[in-house]
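Below is one structure; the comments refer to it alone.
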Amino acid sequence: METLALVILVIAVVGVALVGAVAGLVVTRRRKPGPLPDTHTDVLGTPTADPEAPPVELSAPPATIEPEAPVEPEAPAEPVAPPLERPEGTASRLVRLRQRLAGSQGALGRGLLALLSRERLDEDTWEDIEDTLLTADIGVAPTQELVERLRSRLRVEGTADPRAVLREELLALVDPTMDRALRVSGEGDEPGVVLVVGVNGAGKTTTVGKIARILVAEDRSVVLGAADTFRAAAVEQLGTWGERVGVETVKGEEGADPASVAFRAVEEGRRQGVDTVIVDTAGRLQNKQGLMDELGKVKRVVEKQAPVTEVLLVLDATTGQNGMIQARVFSEAVDVTGIVLTKLDGSAKGGIVVAVQRELGVPVKLVGLGEGADDLAPFDAGAFVDALLGG
Ligand SMILES: Nc1nc2c(ncn2[C@@H]2O[C@H](COP(=O)(O)OP(=O)(O)OP(=O)(O)O)[C@@H](O)[C@H]2O)c(=O)[nH]1
């Protein structure tokens, strides 16, 4: 009996030993990918890992084994700070842009001057003058007014210099008395808040970036709000504009509520105590009501933080009558206080300046004359007319 018990005991001990050995083997197998943590870091650095090790294994088990494997990838992110750009000052950009304006718009003035300098100003000539003005998008009513004025003055004053008369009359149409100052300052410690509206593609985002550069060139501090959440690329685009001149951009996810992004931007601007917050908005023209609702909400929500000091409507000068229709819709949706005419470099139709000011009763405050970062300048009536007339 004792012998039997002894035998059973021996069998039990051997059995336990065997089970232990098998279990040990399994555990060892499981631990086989022990070196993985190293390989894990290697994947992100130099590819020294065993080429046979499939990448799938790399990401699965190691987390439970050595979760604290050194995470080095953060380190190289540090030195990426791009050098800040110093934007061009207003004075020199005006000179450069004046030349460019003369290049794109000079044909209108030259055409008019050639016609007005004819020996006899007969009906055909006046019709040609009218056609030239209409082709330049000045609009029907201003064209008729201008022709009437020119007719009577050249008749009455007889030998008067047609160039001088034309200059005076064009200047009167463009209206040098309009207040074109940008309202970029707020009351007291509040930042100025500039909302930039307009249809996508008009150059809205680009214009926000360019305005920021003008302000930075004037040593003003700025925060940007990328509330055009309709298009993710527009948000990124604006972020890049800001980074280039060291200006922070408050962003929202694609599809986020534009009003909430605008609100956060102004909130951030106040927190930082900046001079100006510029907010890029979405310009979906799905229908007038939708646009009114959206822009109205952005403005209302922003004004819980600080009053909006300027609403700039960005219009593409090359879109002619279409641009005018957009202008009307936007001005009904929100109280536009200034117009930015972009792409005047790509259009000989500078007359749109007159047409849009007449239509909205709001001054053109800035003009875009190229894709370059500093190709935006304050609008100056005299310089514009001189550019039309070629100097
Ligand atoms: N030639 C010229 N191109 C311009 C001017 N302003 C803007 N652009 C170009 O117009 C294109 C559209 O500009 P965006 O700023 O992206 O237009 P947007 O209205 O913001 O459109 P979304 O980003 O879709 O909202 C870009 O290629 C700009 O470089 C200008 O004054 N002259």
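The values are calculated or read from the model by the stated rules, or taken from the named source; none is laboratory data. The shown structure was predicted, so the numbers you read here are calculated from the model rather than taken from an experiment. Cβ placement follows ideal geometry from the backbone for every residue including glycine, while neighbour counts extend to all protein chains displayed. All accessible areas refer to the heavy atoms of the entire protein, side chains included, with ligands and DNA or RNA removed. Shrake-Rupley method; radii C 1.70, N 1.55, O 1.52, S 1.80 Å.
A few points about this structure:
- Counting only helices (runs of 4 or more DSSP H) that fall entirely inside the stretch 273-391 and contain at least 3 residues that are surrounded by fewer than 18 Cβ atoms within 10 Å (Cβ to Cβ) and within 16 Å of the ligand (Cβ to nearest atom), the qualifying elements are 320-333.
- Residue under evaluation Arg180, criteria (1) within 30 Å of Lys288 (Cα to Cα); (2) open to solvent by less than 30 Å² (accessible area, probe 1.4 Å); (3) not small (Gly, Ala, Ser), criterion not met: (2)
- Residue, farthest from the ligand (Cβ to nearest atom), within the stretch 235-256, restricted to residues that are touching a residue at least 40 places away in the same chain (Cβ under 8 Å) and surrounded by fewer than 22 Cβ atoms within 10 Å (Cβ to Cβ): Gly246
- None of Glu187, Glu268 is of a type outside the set (A, V, I, L, M) and within 21 Å of Val336 (Cα to Cα) except Glu187.
- Of all residues in the stretch 97-125, those that are open to solvent by less than 60 Å² (accessible area, probe 1.4 Å) and among the acidic types (Asp, Glu) total 1.
- Taken over the stretch 357-376, the criterion of being farther than 20 Å from Gly323 by Cα and among the small types (Gly, Ala, Ser) is satisfied by Gly372, Ala373.
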